[in-house]
Amino acid sequence: MHTSGPPAADSRSVVPQDEPTGWWRDAVIYQIYIRSFADSNGDGIGDLQGIRSRLGYLAGLGVDALWINPFYPSPQVDCGYDVADYRDIDPAYGTLSDFKELLQDAHAHGLRLIIDIVPNHTSSQHPWFTEALAAAPGSEARDRYHFHPGKGEGGNLPPNGWQSAFGGGPAWTRVTDDSGRPGQWYLHLFTPEQPDLNWENPEVRADFEKTLRFWLDLGVDGFRIDVANAMIKAPGYPEMVDGPDPDDGSSPCWDRDDVHHIHRSWRHVLDSYPGERIAVAEAWVPTVQRLAMYLRPDELHQAFNFDYLKAEWSAPQLHRIISDSVTGLGAVGAPATWVLSNHDVVRHLTRFGGGTVGLRRARAAALLMLALPGSAYVYQGDELGLPEVTELPDDARQDPVWLRSGGANPGRDGCRVPLPWAGRNASYGFGPAHSDRSWLPQPTSWADLTVEKQEADPGSMLSLYTQALKLRRGLPRADDGTLEWTDTSAPDSGLLVFRRPGGFICTVNFGPQDIEIERPGDLLLSSSPIDGTSPRPLLRADTTAWWSDERGDTRTQQ
Ligand code: NOJ
């Protein structure tokens, strides 16, 4: 296990801080998928003590904060996004005292800690839902969820045609009443084991505020809000209109305007604590303008940039998305965020072509993302250049997306395979030395991608991330979102060049040709070899290079 101590203090490493620093405006936040990060007890499942044992690695990597996916008691139908108790820890992951130890040690390492909160739905094993099932239609217990009579003869049809976002049929399931006869239907935008909460119910609102305060009192630095755009449903459950999601708040269940009241009230809670506690929205919305609404000054701090996440490795696409994000979010004073992968999507190395092409592009994409102004999210394993695991055996797969599609959709297990840390034997250091267990099997090729191996290789992906993060810390902060495209940028020819205040310049060649550029300054770092001394260096295809402008030019424009 890694044992390096806390990093030397710098302006961002003392946690928590009393003076407002806007730390989150340009923070690099590392996403930990707890089940797959590090397993301390050899049961094949990652856990809190596993994370704690790797804090030295994370601090050494140079990230500012950690976001941990849900660790609450859960039947794990959707890998923890089905929460049975919001104020405790699932025994598979540890205990509350493990959490307290982790939080304390993370802070001692200069790392802030953000946790996941799942307000749109509970687990069907949450005591509220058990109570609702046992209660009569129209009861207070049922009012915490969305229970409704069915349509058609005998109420045999769901109340409307909404479909589960995970496929596999309607977003409604019928329950059986006391006498054993079919009764009302309840809403679940995801699996039937994830009933949607009714956020018009004051008890639901009050209980979530209690949950926020519970974790804030323990000292967490913020929350990642799951499905932050779906908590409000239109009265009467009108049908969806066919076509793309509307961008005017008129969808009956996604991105309704009233959801902002909830986020405002949460911001109020966050602001009542010292130390800049933050919230980041997971909100899949149709436009950057709709996203910006979540980031108005009295709402949330950040939102994931899914346009960036979905983009291909394409200069025109990324040029447009970067410009729109910086401008659109800047309009409400919010920093942009950047993300390449997470636990819900195919890993970007594979999306960008896989193999050596994918690797080259993933290296270039890492330097591009970390050069942009604002905050960046690194998903565990990005820094190791892990590909998507496409060859998982069917009986190992656990994602409800896979199960509900009858195997037609491979689902998300391929990006959730446990990390390889060291050695050549299963489970590559994911668990303790005696353990070969790993809840999803790791490919044998991952023996060459372990942290141990990559730490010893200056040319590895891990070394690239470590160098980039270190350099980034030395650059003038880019928390105000300023970026200027230079006139040498030529998106249609695959070349993007931008500068940031303080004379930092980033050049990206998206290929397919190598491009000779005019050397913009002193070479700081590049994702593939480049002659930094030549007046006209060759920027190879799929390469990003960072430069420092010796003129110290600080002209800016958005
Ligand atoms: C988004 C989460 O990232 C995903 O993993 C989960 O399945 C859904 N929300 C439902 O909670």
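If packing is taken as the average number of other Cβ atoms within 10 Å across a peptide's residues, how do 172-181, 461-470, 526-535 rank, most packed first? Write out the running numbers ahead of the final one.
Numbers: 172-181: 12.7, 461-470: 19.9, 526-535: 15.1.
Output ranking for 172-181, 461-470, 526-535: 461-470, 526-535, 172-181.
Which far-off residues, 5 or more places away or on another chain, put their amide H under 5 Å from the one on SER375, with H placed in the peptide plane?
Amide H to amide H, under 5 Å and 5 or more residues apart or across chains, SER375 pairs with ALA336, THR337, TRP338.
For segment 398-413, in order, what is each residue's ³J(HN,Hα) by Karplus, 6.51 cos²θ - 1.76 cosθ + 1.60 with θ = phi - 60°, in whole Hz (x at glycine and Pro)?
These are the phi-based 3J(HN,Hα) values: 10, 5, x, 5, 5, 5, 6, 8, x, x, 6, 9, x, x, 10, 5 Hz.
Taking the dipole about the Cα centre of the chain, with the C-beta of Lys and Arg at +1 and of Asp and Glu at -1, give me whichever of THR356, GLN194, ILE34 is farthest to the positive side.
The residue sitting most towards the positive pole is THR356.
Please calculate how many Å² of accessible area the chain carries per residue, with a 1.4 Å probe and no DNA, RNA or ligand atoms counted. Can you show the working numbers first?
On the way: 21200 Å² over 558 residues.
On a per-residue basis, the chain sits at 38 Å².
For a test of understanding, tell me how many lysine pairs in the chain have Cα atoms under 24 Å apart, given they are 8 or more places apart or on different chains. Write out the running numbers ahead of the final one.
Values: LYS100/LYS210; LYS151/LYS233; LYS210/LYS233; LYS453/LYS470.
Lysine pairs meeting the criterion: 4.
Please report the accessible area of ASP217 (heavy atoms, 1.4 Å probe, ligands and nucleic acids excluded) in Å², nearest 10.
That residue has around 110 Å² of solvent-accessible surface.
Among DSSP bridges having both ends in segment 90-227, what percentage is antiparallel? Round to the nearest 5.
About 70 percent, rounded to the nearest 5.
Quickly work out the THR533-to-GLU516 label distance, labels modelled 7 Å from Cα along the C-beta direction, and quote it in nm with one decimal.
With each label placed 7 Å out from Cα toward Cβ, I get 1.9 nm.
To check you understand DSSP bridge types, tell me what percent of the beta bridges within the chain (both residues inside) are antiparallel, rounded to 5. Walk me through the numbers before you get to the answer.
Details: 31 of 56 bridges.
Rounded to the nearest five, the antiparallel share is 55 percent.
Normalised by the number of residues in the chain, what is the relative contact order in percent for Cα pairs under 8 Å and 6+ residues apart?
Computed over the chain, the figure is 13 percent.
What order, most packed first, do the peptides 274-280, 302-308, 360-366, 388-394 have when packing is the mean number of other Cβ atoms within 10 Å of each residue? List each step's numbers first, then the result.
On the way: 274-280: 20.9, 302-308: 22.9, 360-366: 25.1, 388-394: 14.3.
Going by the mean number of other Cβ atoms within 10 Å, highest first, we get 360-366, 302-308, 274-280, 388-394.
Nearest 0.05, what FRET efficiency do VAL175 and ASP395 give at R0 = 30 Å with Cβ-Cβ as r? Working shown, then result.
Numbers: r = 31 Å, r/R0 = 1.03.
For VAL175 and ASP395, the calculated efficiency is 0.45.
Karplus couplings for segment 33-39 from phi (6.51 cos²θ - 1.76 cosθ + 1.60, θ = phi - 60°), rounded to Hz, Gly and Pro as x?
8, 3, 4, 10, 8, 7, 10
Would you kindly derive the ³J(HN,Hα) couplings of segment 419-431 from the backbone phi angles with the Karplus curve 6.51 cos²θ - 1.76 cosθ + 1.60 (θ = phi - 60°), listing them in order in whole Hz, with x for Gly and Pro?
Taking θ as phi minus 60°, the curve returns 5, x, 9, 6, x, 10, 10, 3, 9, 6, x, 4, x Hz for segment 419-431.
Going highest first, how would you order 110-118, 428-436 by mean Cβ packing within 10 Å? Don't jump to the answer; show the numbers that get you there.
Numbers: 110-118: 23.1, 428-436: 18.3.
Sorting 110-118, 428-436 by mean packing, highest first, produces 110-118, 428-436.
Quick one: Kirkwood hydrodynamic radius for segment 145-211, alpha-carbon pairs, angstrom, one decimal?
Details: mean 1/r = 0.0777 Å⁻¹.
With all distinct Cα pairs of segment 145-211 included, I get 12.9 Å.
Return the whole-Å distance between the Cα centroid of segment 477-535 and the Cα centroid of segment 103-160.
One Cα centre to the other: 48 Å.
Can you give me the solvent accessible area of SER460 with a 1.4 Å probe, rounded to the nearest 10 Å²?
Rounded to the nearest 10, that gives 10 Å².
Given Cβ point charges of +1 (Lys, Arg) and -1 (Asp, Glu) and nothing else, what value in debye, to the nearest 20, does the dipole of the chain about its Cα centre take?
Dipole of the chain, to the nearest 20 debye: 760 debye.
With a/c under 1.5 counting as rounded, go ahead and sort segment 483-548 into rounded, prolate or oblate using the C-alpha gyration tensor (a ≥ b ≥ c being the square roots of the eigenvalues; past the cut-off, prolate if a/b is larger than b/c, else oblate). Could the numbers behind the result be given before it?
On the way: a/c = 1.68, a/b = 1.10, b/c = 1.53.
It comes out oblate by the Cα gyration axes.
Take every Cα pair under 8 Å in segment 127-187 that's 6+ residues apart, average their separations, divide by the length, and report that relative contact order as a whole percent. Each step should come with its number before you reach the end.
Numbers: 92 pairs, mean separation 16.7, N = 61.
In percent, rounded to a whole number, it is 27.
Out of the total accessible area of segment 370-521 (probe 1.4 Å, heavy atoms of protein only), what percent is carbon and sulfur?
Numbers: 2970 of 6010 Å².
C and S fraction of accessible area: 49 percent.
The values are calculated or read from the model by the stated rules, or taken from the named source; none is laboratory data. From a predicted model like this one, the values you see are computed outputs, not experimental measurements. Ideal geometry is used to build each Cβ from the backbone, glycine not excepted, and the neighbour counts take in all protein chains shown. Protein only, heavy atoms only, side chains kept; ligands, DNA and RNA dropped before computing areas. Shrake-Rupley method; radii C 1.70, N 1.55, O 1.52, S 1.80 Å.
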